[in-house]
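Engineer: Sharing a structure here in structure tokens format.
The values are calculated or read from the model by the stated rules, or taken from the named source; none is laboratory data. Note that the structure is a prediction, hence the values are computed from the model and not measured. Don't worry about glycine lacking a Cβ; one is built from the backbone with ideal geometry, like all the others, and counts go over all protein chains shown.
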Amino acid sequence: MTIKLSQCFIAVHDHDEALAFYRDALGLEVRNDVAFEGMRWVTVGSPEQPDVEIVLEPPLADPNASPADRQTMAELLAKGVLRGVIFSTDDVDATFERVRAAGAEVLQEPIDQPYGVRDCAFRDPSGNMLRFNQPRKR
């Protein structure tokens, strides 16, 4: 039996703003951008991983959610407390400079971590934390 990651979800408050960041700043390719059941289905992914997609979705994409639940999720997203994504890169310092130059909010400059990676962190335009790491050279 084989189990592999196919898709993960990142909540975004504005698809166009998110696309500009994930496509232009990070260099991910847009895989889908279509209307779907009254919403917008947008996926991006790394050209290096054609079988893994990130779905950019509204904070609460459940059509049965109450207005209060939607508001709560939007507030949590705005505070940056929803979980983010960790990307791997072959050059965390160059990635840091590229993403910072694109105007992303820096949370942590590149640093060697005691658990064996060099990493940095940003917030995307919706407030999600994104970390970028590479194995530390020994």
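Engineer: I want to confirm something. Restricting to segment 82-129 and keeping residues that are in contact (Cβ under 8 Å) with a residue 60 or more places away in the chain and of a type in the set (A, V, I, L, M), which single residue is farthest from CYS8 (Cα to Cα)?
Structural biologist: ALA102
Engineer: Would you mind finding the one in THR95, THR72 that is buried (at least 18 other Cβ atoms within 10 Å of the Cβ) and of a type in the set (S, T, N, Q)? Write out each step before concluding.
Structural biologist: On the way: THR72 fails: buried (at least 18 other Cβ atoms within 10 Å of the Cβ).
Testing whether each residue is buried (at least 18 other Cβ atoms within 10 Å of the Cβ) and of a type in the set (S, T, N, Q) leaves just THR95.
Engineer: Restricting to segment 95-137, count the residues that are more than 19 Å from LEU77 (Cα to Cα) and outside any loop (DSSP other than H, G, I, E, B).
Structural biologist: Result for segment 95-137: 20.
Engineer: Looking only at segment 15-53, count every residue that is under 27 Å from ASN64 (Cβ atoms) and of a type in the set (Val, Ile, Thr) and tell me the total.
Structural biologist: Residues meeting the conditions: 4.
Engineer: Does ALA78 fit the bill of being touching a Ser or Thr at 6+ places or on another chain (Cβ under 9 Å), more than 24 Å from ASN133 (Cβ to Cβ) and among the aliphatic types (A, V, I, L, M)? If you could, list the steps in order and put the result at the bottom.
Structural biologist: Working: touching a Ser or Thr at 6+ places or on another chain (Cβ under 9 Å): yes; more than 24 Å from ASN133 (Cβ to Cβ): yes; among the aliphatic types (A, V, I, L, M): yes.
For ALA78, the condition - touching a Ser or Thr at 6+ places or on another chain (Cβ under 9 Å), more than 24 Å from ASN133 (Cβ to Cβ) and among the aliphatic types (A, V, I, L, M) - is met.
Engineer: Test each condition in (1) modelled with pLDDT of 90 or more; (2) in contact with a Lys or Arg (Cβ under 8 Å, 6 or more places away or on another chain) for SER6 and report the one that comes out false.
Structural biologist: Of (1) modelled with pLDDT of 90 or more; (2) in contact with a Lys or Arg (Cβ under 8 Å, 6 or more places away or on another chain), only one is false for SER6: (2).
Engineer: Since ALA104 meets every condition but one in (1) loosely packed, with under 12 Cβ neighbours inside 10 Å; (2) modelled with pLDDT under 95, which condition does it not meet?
Structural biologist: (1)
Engineer: Tell me, which strands (runs of 3 or more DSSP E) wholly within segment 1-76 include 2 or more residues that are farther than 22 Å from ARG123 by Cα and over 12 Å from the mean Cα position of the chain (by Cα)?
Structural biologist: Values: elements: 7-11, 29-36, 39-45, 53-57.
In segment 1-76, 29-36, 39-45 are the strands (runs of 3 or more DSSP E) which contain 2 or more residues that are farther than 22 Å from ARG123 by Cα and over 12 Å from the mean Cα position of the chain (by Cα).
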